[in-house]
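Working notes, structure below.
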Amino acid sequence: MTAPAALAVEHVDVHGEDVAYRRGGDGPVVVLLHGIAGSSDTWIPVMELLRRDYTVLAPDFLGHGASGKPAGDYSLGNQASGVRDLLHLLGIERATVVGQSFGGGVAMQFAYQFPEWCERLVLVDAGGLGREVSWLLRLAVLPGAEYVLPAVFPGLVRPWGDAVSRVLADHGVRNAAALEVWRAYRSLTDPPSRRAFVRTMRAVIDPGGQSVSAVNRLYLAAGMPTLIVWGENDRIIPVSHAYRARDAIPGSQLQIMPGAGHFPHAEDPTRFAAILGDFIRTTAPSALTPEEIRELLRRKPPVEDG
């Protein structure tokens, strides 16, 4: 989908690195965080629907999309700090933070590190909730993967795939999940993006599965309105993780989207925007402070990560 002029990519310098983002609308701020090998493009249909009532902001993480791709730190914590710094530079003090897949892991880390900045937390087929993950992603972190990936993602397929996508779109054929997969594949035909992808994957996944988990810290979100949205047919991160998060976060809401896979926001943006909009309208922004987080830490021990 081509973005309207109102959602065109903008750029800002953050600590000497170029960070790209899309922004539009007016009202309470909603930050939308994409997954690994993704970009703000994935949120365009949802942004179009939400910008009637909200200020929508979708950054490209470092190493992704139109942002810089330095040989640096691609951990969840560093990406969360980058989101905080971007909000600061844009004059945004608080926001509802929505994260899909890897972006869900960043969103949880953001809410944990900077609770005073986070009004609500929304997890969409989020990573960081258990070991299980698609075996294809595990292959990408095996030793020597960086030497094999250039053969798997050759640049010569890019124009061919783009041409096929345009023809299908011209004939009214649109498969949102397939489009998201193609966007990810296409990004990995670019060597700098591919190197950043490997670094990002190794920060959160090992050959046995997801290596970073937020499960033993989810109780800290007890005072923060939290929505969990999952595609019932997700083949990348199982829907059982959605129920695990729901059970671990007191007061959280769970919405399973029938027929959707790993990209429910892209597969059914109208339904997703309605769910998100209703959640925002019917919940009050969190007022958690660092002091209250410290109190939670003192009085409730972490649950075991299972």
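GLY127 meets the conditions (1) in a strand (DSSP E or B); (2) in contact with a helix residue (DSSP H, G or I) (Cβ under 7 Å, 6 or more places away or on another chain); (3) of a type outside the set (Asp, Glu) in every case but one. The failed one is (1). Residues of segment 235-248 that are surrounded by 22 or more Cβ atoms within 10 Å (Cβ to Cβ) and either free of Cβ contacts under 8 Å to residues at least 12 places away in the same chain or part of a loop (DSSP other than H, G, I, E, B) (or both): ILE237 alone.
Conditions tested, residue by residue: (1) modelled with pLDDT under 95; (2) under 18 Å from the mean Cα position of the chain (by Cα); (3) buried (at least 21 other Cβ atoms within 10 Å of the Cβ); (4) within 22 Å of GLN255 (Cβ to Cβ).
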position	(1), (2), (3), (4)
SER39	no, yes, yes, no
TRP43	no, yes, yes, yes
PHE61	no, yes, yes, no
SER81	no, yes, no, no
ARG84	no, yes, no, no
LEU90	no, no, no, no
GLY105	no, yes, yes, yes
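Within segment 11-37, the set of residues being over 14 Å from the mean Cα position of the chain (by Cα) and over 25 Å from ARG194 (Cβ atoms) comprises ARG23, GLY24, GLY25, ASP26, GLY27, PRO28, VAL29. Within segment 60-96, the set of residues being of a type in the set (A, V, I, L, M, F, W, C), over 14 Å from TYR21 (Cβ atoms) and touching a Lys or Arg at 6+ places or on another chain (Cβ under 8 Å) comprises ALA71 only.
When only residues in segment 277-292 that are among the hydroxyl-bearing types (Ser, Thr, Tyr) and modelled with pLDDT under 95 count, which is nearest to GLU48 (Cα to Cα)? Looking at the filtered set, the residue picked out is SER286.
Which residue is farthest from ASP268 (Cα to Cα), if the candidates are limited to segment 202-216 and must be in a helix (DSSP H, G or I) and modelled with pLDDT under 90?
ASN216
Filtering GLY261, GLY251 for residues that are part of a loop (DSSP other than H, G, I, E, B) and over 15 Å from VAL133 (Cβ atoms) leaves a single hit, GLY251.
Looking at VAL106, VAL56, VAL98, VAL31, just one residue is in a strand (DSSP E or B), over 22 Å from LEU179 (Cβ atoms), hydrophobic (A, V, I, L, M, F, W, C) and touching a Leu at 6+ places or on another chain (Cβ under 7 Å), and that residue is VAL31.
The values are calculated or read from the model by the stated rules, or taken from the named source; none is laboratory data. Predicted model, so just to flag it, every value in this text is computed and none were measured. When we count neighbours, we look across all protein chains shown, and the Cβ atoms used for this are built from the backbone with ideal geometry, even at glycine.
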